[in-house]
Each structure stands twice: as C-alpha cells, then as structure tokens.
Amino acid sequence: MAEEIKKKRLTDIGPHDYNDYLSPMIKKNYGKWAFHEILDPGTMVHVAENGDKLYTVRMGSPRLVSGSFVRDICDIADKYCGGHLRFTTRNNVEFLIEDEKNVEPLKKDLEKMGYNVGGIGNIIANIVHTQGWIHCHTSASDASGVVKSVMDELYEYFVEDKLPSKTRIAFACCLNMCGSVSSSDIAIVGTHRKPPRIDAERLRNLCEIPSTIAACPTNSIRPDTVDGKPGVKVNEETCVFCGSCYTVCPAMPIANAENDGLSIWVGGKVSNARTKPTFSKLAIPFIPNDPPRWPGVVDAIKTILNAYKEGAEPGERVGEWIERIGWSRFFKITGFPFTKYHIDDFRLAETTMNYSSHTRL
Amino acid sequence: MTDETKKKVEDKIVGLVKEYAGKKRFKPIDIVKEMEKEFASEGLTKDDIKAALKEIMDEEKLVYGYAGGSFLALPENQ
Amino acid sequence: MGKKHQTPLLDELKKGKWISFVREIERAAEKSERTEDLLGQVEESYRDKVNHWKHGGMAGVKSYGAGMVGRFSEFPDKYPGIKECHSMRIIPSAGFFYNSDFLRKLADISEKYAGGLLNFHGATGNIQVLGMSQAEAEDVFQAVAELGFDLGGSGSDLRTPSCCAGQARCEFANYDTMKICHDLTEEYLDELHRPAFNYKFKLKFSGCANDCVASAARSDLAFIGTWKDKIKINQDEVKNYVKKLNVQKYVLDKCPTKCMWFEGEKLVIDDENCVKCMHCINVLPKALRSGDEKGASILIGAKAPLVTGPRMGMMLVPFYDINEDAKNDYEWLKGLISNMWEFWDEYGVSRERIGELIGRVGLNTFLEGIGLEPIPEMVGHPRSNPFIKFTEDED
C-alpha cells in the first residue's frame, strides 16, 4: 500500500480506519458499556455489561506539543496501556488502561515527568484555545500565554474536585472564535478597539473590493476613489472592530499594540443537561494586554470563580447560578462595573432587554 | 463528457482566471455555476465541471488561494 | 538558522505548575533548529503586544485545495527559520483514538520536515503539523499518506467532521458516532479536499445531549444522540443512590420538565414529557439508562460570530433513525445533505454560512427548498406577531 501511494501519488486516501487504534477491551465492549464512575479528578472507570473494567487516566496538554512530548506519552502508553491512548476535545491526553494495577504507577510516572493529571468531575477543564501570536495573523492577543497564566493560578481546581460543577473556560484570540468559545462558562476573547488602517496601494493589488465591502457586518465599508483609483473607506462611527475585513483583505490590518486586549464573557454552556445550550454574556468589555502573565485577566477569572464557588448550589453551572441570582447581583458580587457596552446594540439586541417588572432590589 | 469537451471547459476556466488576474477572484462555486450555464447546451452537469476543475488542479494549471474564502489563482511562478 | 534568541518574557512562562508551551517549543527546537526562530519572533510579540505574521501568501499540496494553512513571518531576514511556517491539517482517527506506533512516526515526520510542533488537535479536530515550507509540504504529505492518513479541510469546503468517543468508551452514546463520522468523511472527500462551497460547512457528532464535541455551538449540522422510548430504570440502584444523595433535590427538582417523581420508594418517569436532556442519567448512571429505540436529533446552523453574529444550532430533525439509515448507506441523510447544499449553492452568497442563509431567507423558505415539513419541534414557540404572509396554496 505504502509503495503504491508513493508510485502513483495517490490522493484522497480518506480517514484512517479507527479500528486499527482500538484496544482489545474496547473492541470487545464497543457499544456495550454499562456505566462509569469518577474515582478522582484524574481517573475514571468504565464498566462494561460483562463486568470488564476500562480505566482512563486524564492528563492536561498545552495543545501545542513537541515531538518529544508525543514520545513521552507514547512511552507511557507502551508501558501501561499496550500503546493505546486518545485525546479529548479539550486537548487532554487519555491513557486507556485495561489492568487496574497499572493505574497508580502510570499516574506516578506522569507526575514524576512533571505532567498534570486531572480534569475530570467538578473541576476546571483544560482551557481550549486558539493559536495566538504563535501562529495567527488576526490575533488580538496571545492565546497560550494567557491560558498558561490562568491555569497556573487555578491549578488546584484542575487536580482537585471542589467546584459546584464542571467549569469550562475557553480562549479565542479574535472574534473569529475558532472553537466553541462563545458558549463557555467563562470565555476570554481577544478584542480590537480601533478601526482597520487602509493601505490604499496594497489594497489595489491584493484585495477584491466587492468582497471586502461584503465582509462587514455593519455595512461600514464603502467604495471610494483614492488618487483617482478605486479603493474603499471605512465609516469609523459604525465600525465594530471585528476584523472580518482584514480576513478578506490583507491591506486592512486591525491589530494595534496599545488598543488590543481581552474581554471576559460568562454563563454559556453547550450541554443540554437541565437547561438549554446558551451563549456566554459580557462580563468585562476590555482588559489591556499585559504579557507575559496577564494579571488583570487572571484576577478577573479568579473573582468570577470565587463568587461562583461561594454562591452556586451543587450541580449548578456558572450560567445557571447567574440566572438564579440575577445579573444585577452578579455585577454587585463581582464588583465588575456595568457599562454601556453591556447593553447589546447588534442584530438581536431587542430580544435581550428585560420586558417585565421582575427586578431584585 | 468527452475529452474534447473537458478540454474546452478547462481552457475556458484557466483563460478566465488569467484574463481577470489581479482584478477579480473567482470562487470555485461561482466558476462552477458560470460554466454550468456556459455549457448547458452541451448537457454538462455540475459534477462534469467539478471533474474538469479537479484536472486543472492536478495538472497545476491553477491553484487554490484563500482570503476569508477560497478562490482560484495562477500558480506563483506565473 | 538555529540561532538562539534571548527570551526573558517567554522564560517567565516556563515557571508554574501547568505544563508550559514555551518549554514545548524549546523541546521542538532541540530537534528542529528552525523553531529557535519561532521563539525569537514570539518573544518580540510579547514585547510589542502584537502578532508578527504576514497576511496572505499561498501554501498547498498538489491537487488539494485544502488542508494547508499558509503562514509567513513579518521578519524573514531576522527569523529565516520561520520565513515560511505553514501548517498541515490531517484528518484524525475518529474519536481521537491512536496508538504509540503511529504517533511516534508522526513525531518523526514533524521533526524531519517541519518545526517539530504539533497540535492535538486544532479547534475543528484536525491533527496539525506546524512549521513547514511550501517545498517541504509535499514531503510531509507523502510521509503522512504512507501512514494511511490524509489531509483535512480548510477554506470554503466541508471541514473535517469530528465526533465524541461514542460507543467506543461511553455508555451514554445513543448511536455509533465514530462510524458515521468516518463513513461520511469517506463519502465527502471531494467536498473536503476541493473547496466549492460559499463558505465552510462543519459536521459534528455527539452521542448524547451532553454534547462533548460542542456540535450544537459550532457545526452547521449537529447530530446529537437521543432515544424515543422509555428510560430504563434499575429500582435497586435508585435505592442505593437515595442512601447517599438527595435525589429529590439534585435530580428530580432539576428536571427541566419535572417528568419524574417518587411513588413510595419507586422512581416513576413520565417519558412522554422527557426532553432527553441527560441530567438524571448523568447523576444516576448506574440506575438509569437511555431507551432502546436510539437515534439522533439533527440541529442546523450553528456558527461563530463572523460575519453576522454567533448562532446556536436549531432543531431540524427531532429523530433521525441512524441505525436504519446506516443499513441503506445513509441514503436518506445523504439526500437531505445534498438538498441543503444545493439550496445553499443556489441562494447563499460568498462567506454566508447556512445558518445565516436560513436567517436571511426564513426557515419556511429553507424547509420548502430542502423538502421538509414544518413541525412544532422546530420552534421555541409559535409566532406571537400577526404579520402573516398568507399564500395562495393554502385553502
């Protein structure tokens, strides 16, 4: 097969057959699992209908990993799991262990190597995030550095079960929001605050004017004549600094060192359990970029988390807690100022007002 | 679709991209729609046009570019 | 190439308990020298508070219109190692299951032909190999292809479908998420590799309403496992839970439709009023299991903010009988998807996701276009305004 691919330069090979990577116990019990139990924040066990037990040890990863990291986890998988492992949607590594007596030694080995075991149960899950300054041209902030700073500070909540419910934090370095950022318990979003700068000459060579105009969600880009040649202008009064035009037209850069930063959003979820999936809502419109440790962002997340931990009932997600106590109290408890930016003025703005006399005084 | 028709479609697509280079970005979806109309009388389907487009790419007469959305472009050495 | 750079700001991020990405980049640089220059440039970003990547420039693999993301340094002379720093997207194994043999080989490839850095996984679910030049892309492609792996989606195409671990390791899974994810990826390889849509289109498969792949928040078509018949109750296990947990408060009172109650010690469920939210099953996994008539709800239109705002997936098909349709090679589903794509091709505009199109033309127009009847499950509630556009085809 390998030779054939090379000789003919086969394309459209397709997805690899996942059956090649399933462990014997998983193959045997595929579709026949009975229940699972969380043993501690790093370990769970899935029990099959026939009594077979599959142990999973979860370990955090920074998503961006080296070949050496990959070899480390392969060594562990070979030593304890017959070479079998998987990743989670939130970039964790999961070791799939068929022999119970391998669980503790595996965890000890990981801890010895400096890896983080945890992330199951009522914990802070690994923060899903984007590429940031490491690999993205539209980013308003770095991603990995903010995530590292937050996770260092909240580390205890990854390894110990002491929150009312699972808490999912997500990070996106611009409004493109790669990943499910906009419906997380706490979302951190890279935010621009100045309109794009137009390089008229480059624009003529690099950009298509109609698609640049069409890229704007607020119709703020109009055709214009610059030095007798076709170009565009931006209505700065209505521009919302989303960066969509820059995605389409490289001659409209929007990144701005002094004015870029991060906004904080709360109360979203994707699970349908109890309440319907919902988007996160604005808590803090802007915190300046402050590398390498972003203390303002870390403090804000800690404030939200402490208030949640204090106020929520067992099992309540951040959004369910806020719905119960009301947004006015959320702002009061956290001390975050409520500003004009918190009142929606985009497409569905009208649906977000309080059409009632219900108010907590 | 005969090889002859296929060649005609391919020449037409490559010709369009060359003619409008630097002025218009042809999105594959628009090219497929346009060619469907252009060659309607010869009974070509969307899949025929897509097959012709695939051959253009396999022979590297054109490449795919990306700026917010995908478009057809001349290879950089042209 | 391979010059060491001073990185005092990044060095700060090597401290602390959480695994350090800076350390990972350094480890990659030990194997692939060019990656030293990545550290240098990122340090500058940390100092300048702005990214230093150029926008524009092409990267690709012959006969593919997707799977590569082009990235060029703003300072190619200063950082020649990342002058070209493209990444390649690779379709993952469904459910993200791997073995050490494949992963080691991939690590070798990433160090031999690229920057020795990988993402497990990108936001959509691709494996990503980072830091290669256009000239090296073919080598990476060939090497990956020899391992039986293929390029993923990018641009205006079908993005790489993804799914949860499903029946491989979860009792909650109501259908075989990995199989359908794999089968449909195989079916739509051309749509995945050769962008021909108005914009991206994402397919995600979750085995239950917990939606571990966030399908309803980010995929144009989300499949969320559900069941039609009764929740199976093990009354002995219910009793065991009652001994250690306030089941009334934390399970029954939290039920969104209050469809369950105790009659004496016996738990009773009014299944007709159950909305399959999973809460009770999540909390009492030993006592409760989903029914036998399993399938999936299909939700449509979710997307991130750009261009016209974020959207959550909305109910399109309350119960899709996957198991039955799988016997016919997903004939019904493929018909539905084909109708949708045709409608989107015809009426959508460039960079318009299908959810935005539905928002623009209205759900009725869309339903008519794809041949589905309006049903009450599709709405939160019927209209409350009287501006009805009566049409002549009604009596």
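Bear in mind that the values in this text are calculations on the coordinates, not laboratory data. Computed from a prediction, not measured in an experiment: that's the story for all the values here. Cβ atoms come from the backbone with ideal geometry, glycine included; neighbour counts cover every protein chain shown.
Give me the inter-chain shielding for A:332-340: mean count of other chain Cβ atoms within 10 Å, whole number please.
On the way: counts 0, 0, 0, 0, 0, 0, 0, 0, 0.
Average neighbour count from other chains, rounded to a whole number: 0.
Taking the Cα centre as origin and putting +1 on Lys and Arg beta-carbons and -1 on Asp and Glu beta-carbons, what dipole magnitude results for chain B, to the nearest 20 debye?
Dipole magnitude for chain B comes out near 400 debye.
Within the set B:LYS7/C:LYS83; A:LYS28/A:LYS309; A:LYS8/B:LYS8; B:LYS8/C:LYS200; B:LYS23/B:LYS54; A:LYS340/C:LYS14, which residue pairs have Cα atoms separated by over 32 Å?
B:LYS7/C:LYS83; A:LYS28/A:LYS309; A:LYS340/C:LYS14
To the nearest 20 debye, what charge dipole does the range C:18-146 have about its Cα centre, counting +1 at the Cβ of each Lys and Arg and -1 at the Cβ of each Asp and Glu?
That gives a dipole near 320 debye.
Give, as a single signed number, the net charge of other residues whose beta carbon lies under 10 Å from the beta carbon of C:GLU138, with Lys and Arg counted +1 and Asp and Glu -1. Before the final figure, lay out the partial values.
Details: positive: A:ARG9, C:LYS62; negative: C:GLU136, C:ASP139.
Once positives and negatives cancel, what remains is 0.
Taking DSSP loops as anything outside H, G, I, E and B, show the longest stretch in chain C free of GluC sites (Glu not before Pro) there with at most 13 other beta carbons within 10 Å.
Details: sites that count: C:GLU265, C:GLU392, C:GLU394.
Maximal segment without exposed cleavage sites: C:1-264.
Which chymotrypsin sites (Phe, Trp or Tyr not before Pro) does the range B:1-77 hold that lie in a coil by DSSP with at most 14 other beta carbons within 10 Å?
Counting only loop positions with at most 14 other Cβ atoms within 10 Å, the chymotrypsin sites (Phe, Trp or Tyr not before Pro) in the range B:1-77 are B:TYR20.
Considering only DSSP states other than H, G, I, E and B, which GluC sites (Glu not before Pro) in the range A:107-215 qualify as loop sites with at most 16 other Cβ atoms within 10 Å?
The qualifying sites are A:GLU160.
Is the shape of the protein assembly as shown rounded, prolate or oblate, going by the alpha carbon gyration tensor and its root eigenvalues a ≥ b ≥ c, with a/c under 1.5 for rounded and a/b larger than b/c for prolate? Walk me through the numbers on the way to the answer.
Values: a/c = 1.30, a/b = 1.22, b/c = 1.07.
Rounded shape, in that the Cα axes give a/c under 1.5.
Please identify every one of the trypsin sites (Lys or Arg not before Pro) in the range A:95-182 that sits in a loop by DSSP and has no more than 14 other beta carbons within 10 Å of its own beta carbon.
Hits after loop and neighbour filter: A:LYS162.
For a 19 Å ceiling on Cα separation, which of these pairs sit above it: A:LYS32/C:LYS243; A:LYS148/A:LYS302; B:LYS27/B:LYS50; C:LYS243/C:LYS286; C:LYS294/C:LYS327; A:LYS32/C:LYS179?
Working: A:LYS32/C:LYS243 28 Å; A:LYS148/A:LYS302 14 Å; B:LYS27/B:LYS50 13 Å; C:LYS243/C:LYS286 14 Å; C:LYS294/C:LYS327 15 Å; A:LYS32/C:LYS179 15 Å.
From A:LYS32/C:LYS243; A:LYS148/A:LYS302; B:LYS27/B:LYS50; C:LYS243/C:LYS286; C:LYS294/C:LYS327; A:LYS32/C:LYS179, over 19 Å: A:LYS32/C:LYS243.
For C:VAL50, what charge total do you get from the other residues with a beta carbon under 14 Å from its beta carbon, if Lys and Arg give +1 and Asp and Glu give -1?
Values: positive: A:ARG193, A:LYS194, A:ARG197, C:ARG47, C:LYS49, C:LYS54; negative: A:ASP142, A:GLU258, A:ASP260, A:ASP290, C:GLU43, C:GLU44, C:ASP48, C:GLU74.
Net charge in that neighbourhood comes out at -2.
Using a 10 Å cut-off around each Cβ of peptide C:125-131, what is the average number of partner chain Cβ atoms that fall inside?
Per residue, the average neighbour count from other chains is 2.
Using θ = phi - 60° and the Karplus form 6.51 cos²θ - 1.76 cosθ + 1.60, what ³J(HN,Hα) does each residue of the range C:119-127 get, whole Hz, x for Gly and Pro?
3J(HN,Hα) across the range C:119-127, in whole Hz: 10, 10, 10, x, 4, 7, x, 7, 6.
Is there a simple number for the mean count of other chain Cβ atoms within 10 Å of the Cβ of residues in B:31-38, and what is it?
Numbers: counts 1, 2, 2, 0, 0, 0, 0, 0.
Mean number of neighbouring Cβ atoms from other chains: 1.
Tell me, what ³J(HN,Hα) does each residue in the range A:295-307 have, in order and in whole Hz, if you take phi through Karplus 6.51 cos²θ - 1.76 cosθ + 1.60 with θ = phi - 60° and put x for Gly and Pro?
x, x, 5, 4, 4, 4, 5, 5, 4, 5, 5, 5, 5
Can you give the angle from 0 to 90° between the axis of helix A:67-80 and the longest principal axis of chain A, with both taken from C-alpha atoms, to the nearest 10?
30
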